[in-house]
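Everything on this sheet refers to the single structure shown next.
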Amino acid sequence: MTGESLNRLLENLSTGDVQAAEQVFVTYEPYLRKVVRRQLTSRLRAKFDSVDVVQSVMADVVRGFGKQAGAFPINTT
């Protein structure tokens, strides 16, 4: 992904584009999962699944963009 296409994707995400949120997840999830797996100690891996950590991070990203633009009807309860 080029810098220009990433900027466009982030702009779309900030306007509440659900497809942009999906594309961010599909594009970056495998990389982030590998990073999380490498960073979790074996003791933590027994308690936390890397996929769950990545999904939590992605939810925070989308929530943050949604708050910024008043987009994404996300239930925060």
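No value in this document is a laboratory result; all are computed from the given coordinates. Treat the numbers as computed from the prediction; the structure is a model and nothing was measured. A quick note on method: Cβ atoms are made from the backbone with ideal geometry, for glycine too, and the neighbour counts reach across all protein chains shown.
Points worth noting:
- Cβ crowding within 10 Å, taken as a proxy for footprinting-reagent exposure, orders Ser42, Ser50 from fewest neighbours to most as Ser42, Ser50.
- Extension gain, Arg45-Val26: 0.36 nm per intervening residue step, less the Cα-Cα distance, totals 4.6 nm.
- Whether segment 3-69 is rounded, prolate or oblate, judged on the alpha carbon gyration tensor where a/c under 1.5 counts as rounded: prolate
- Residue-by-residue Karplus 3J(HN,Hα) for segment 55-61, coefficients 6.51, -1.76, 1.60, Hz, glycine and proline x: 4, 5, 4, 5, 4, 5, 4
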